[in-house]
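The values are calculated or read from the model by the stated rules, or taken from the named source; none is laboratory data. All values derive from a computational prediction rather than experimental measurement. Glycine gets a Cβ as well: all are built from the backbone with ideal geometry, and neighbour counts include every protein chain shown. The accessibility values were calculated without ligands, DNA or RNA, using every heavy atom of the protein model including side chains. Shrake-Rupley method; radii C 1.70, N 1.55, O 1.52, S 1.80 Å.
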Amino acid sequence: MRRGTLPSGAVRKPTRSREVGRGEKVIAGVWRLRLPLPWPGVPHCNAWALAAGPGVVLVDTGMHEPGSMAHLDRALDQAGLKVEHVRLIVCTHAHVDHCGQAPPIAARAGCEVWIHHDHSHHTAATEDPEQALARRIVVAHQSGVPGDAVKRWLERRRAQGSGQAGTLHVDRELAEGDTVTTDLGDWRVIETPGHAPSHVCLYQPERRLLLSGDHLLGRPSLYFDAGYTPDPVAEFLDSLDKVERLDARLVLAGHGRPFTDVAGHVAANRTLVQERLDAVQAALAAGPRTAYEVAQAVYGDRLTEVTANWLLSKTLCWLTHLERRGLAERGGDSPERWS
Ligand SMILES: [Zn+2]
Ligand SMILES: [Zn+2]
């Protein structure tokens, strides 16, 4: 997650990034559009343009913030394309760096937006941001986050844009087995929940190409949305198995460069999951702990007021996973203590 994926509620730097949008052809009919992100440790995300008749299918959109459409225009221009060429937007998942800019692109191009049907983890929050914030505050208190830190986080969140332009209108809700047609052939929708409930990969079987979103990244990096599904860690591990069986030869990820060694990347992710679960169990061995104390033990200096939100989300997912395997239990109420 630190260098790859981000939660919808990630914190961004107040300073403007000096990155600019860039576009490059990766293989015939596939362009990588590298779009800047204002997030610490995650300088950019990828949108992918896939040739489709007289235009392109755009997979992911980048987030929305002042100047972000100009970055997309610049990246498309370097690929010899324009927003008006976009015939369809498909989002790999409902995080702002992947769907935030969909509404203005769809409006300019006059095209549809497709995303997996479990998108409410994001769309409900954008429709009622105050309720979403209130929910996070309850979780923060329950997890033992100090009250003044929660207050400062809330102030920062209210001062920032959400990264989502307007309301995300979904024209078609995707499910396993749906297809997206391009000049390279049909891409199969592969449900890969874990990183987010709405996550899908797109697989082109004849060419063995995988658009992996944030499920599989060039540098192993984990993030899970807590609180929407029973066990995001287990879902993520199942999704790794599923993607490994596809036998893709080239992966086009949501962040970073394309890569080929799918089995190696899947194995590195499994190893990282096990290391984190071991670290959480080691933290619990020292006695009952709040989720916040476990996050401090597992992530050390990486846990700051800026990173606490997403590291806490991950920690809650590690704890929930161990609980479901009978290796941890929670007690008390506010805050909860895990042992
Ligand atoms: Zn991402
Ligand atoms: Zn993501």
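Table: residues versus (1) closer than 14 Å to residue 171 by Cα; (2) in contact with a Ser or Thr (Cβ under 7 Å, 6 or more places away or on another chain).
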| site | (1), (2) |
| --- | --- |
| 43 | no, yes |
| 50 | no, yes |
| 58 | no, no |
| 63 | no, no |
| 73 | no, no |
| 96 | no, yes |
| 100 | no, yes |
| 116 | yes, yes |
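Quick check on residue 206: is it of a type in the set (Asp, Glu), farther than 24 Å from residue 121 by Cα and under 20 Å from the mean Cα position of the chain (by Cα)? Lay out the reasoning, then the answer.
Values: of a type in the set (Asp, Glu): yes; farther than 24 Å from residue 121 by Cα: yes; under 20 Å from the mean Cα position of the chain (by Cα): no.
When the stated conditions are applied, residue 206 does not pass them.
If you check every pair at least six apart or on different chains, which have Cβ atoms under 6 Å apart with a residue in region 188-208 that is farther than 21 Å from residue 222 by Cα and open to solvent by less than 10 Å² (accessible area, probe 1.4 Å) first and a residue that is modelled with pLDDT of 95 or more and within 15 Å of ligand 2 (Cβ to nearest atom) second?
189/200
What number of residues within region 208-223 satisfy the criterion of being away from ligand 1 (no atom under 13 Å from the Cβ) and not basic (Lys, Arg)?
Matching residues across region 208-223 total 3.
Any residue at all in region 212-219 that's modelled with pLDDT under 95 and either over 15 Å from residue 94 (Cα atoms) or in a loop (DSSP other than H, G, I, E, B) (or both)?
So far as region 212-219 goes, yes, one or more of its residues are modelled with pLDDT under 95 and either over 15 Å from residue 94 (Cα atoms) or in a loop (DSSP other than H, G, I, E, B) (or both).
I'd like the residue in region 41-69 that is more than 22 Å from residue 219 (Cα to Cα) and of a type in the set (Val, Ile, Thr) and, out of all such residues, is nearest to ligand 2 (Cβ to nearest atom). Show your work before the answer.
At the first step, the residues of region 41-69 found to be more than 22 Å from residue 219 (Cα to Cα) are 49-58, 64-69.
Now restrict to residues that are of a type in the set (Val, Ile, Thr): 56-57.
Working: 56: 22, 57: 20 Å.
Ranking the candidates gives 57 first.
Yes/no matrix, rows are residues, columns are (1) at positive phi; (2) open to solvent by 30 Å² or more (accessible area, probe 1.4 Å); (3) not in a helix (DSSP H, G or I):
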{"residue": "236", "(1), (2), (3)": "no, no, no"}
{"residue": "242", "(1), (2), (3)": "no, yes, no"}
{"residue": "267", "(1), (2), (3)": "no, yes, no"}
{"residue": "293", "(1), (2), (3)": "no, yes, no"}
{"residue": "299", "(1), (2), (3)": "no, no, no"}
{"residue": "304", "(1), (2), (3)": "no, yes, yes"}
{"residue": "314", "(1), (2), (3)": "no, no, no"}
{"residue": "334", "(1), (2), (3)": "no, yes, yes"}
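Looking at this structure, is residue 184 on the phi < 0 side of the Ramachandran plot, open to solvent by less than 40 Å² (accessible area, probe 1.4 Å), of a type outside the set (Phe, Trp, Tyr) and within 16 Å of ligand 2 (Cβ to nearest atom)?
no
Does residue 61 satisfy the condition of being at pLDDT 80 or above, open to solvent by less than 10 Å² (accessible area, probe 1.4 Å) and not in a strand (DSSP E or B)?
Yes, satisfied.
Quick check, is residue 177 at positive phi and either among the basic types (Lys, Arg) or crowded, with 19+ Cβ neighbours inside 10 Å (or both)?
It is false that residue 177 is at positive phi and either among the basic types (Lys, Arg) or crowded, with 19+ Cβ neighbours inside 10 Å (or both).
If you check 282, 248, 226, 286, which single one turns out to be open to solvent by 20 Å² or more (accessible area, probe 1.4 Å), hydrophobic (A, V, I, L, M, F, W, C) and under 28 Å from residue 177 (Cα atoms)? Full working, then the answer.
Values: 282 fails: under 28 Å from residue 177 (Cα atoms); 248 fails: open to solvent by 20 Å² or more (accessible area, probe 1.4 Å); 286 fails: under 28 Å from residue 177 (Cα atoms).
Going through 282, 248, 226, 286 in turn, the sole match is 226.
Determine the pairs where a residue that is hydrophobic (A, V, I, L, M, F, W, C), located within region 211-223, has a partner that is at pLDDT below 95 and within 11 Å of ligand 2 (Cβ to nearest atom) with Cβ atoms under 9 Å apart, the partner being 6 or more residues away or on another chain.
Final answer for the pair search is 217/4; 217/5; 222/1; 222/4; 222/5.
Would you confirm whether or not region 174-191 contains a residue that is modelled with pLDDT of 95 or more, within 16 Å of ligand 1 (Cβ to nearest atom) and among the polar types (S, T, N, Q)?
Scanning region 174-191 turns up no residue that is modelled with pLDDT of 95 or more, within 16 Å of ligand 1 (Cβ to nearest atom) and among the polar types (S, T, N, Q).
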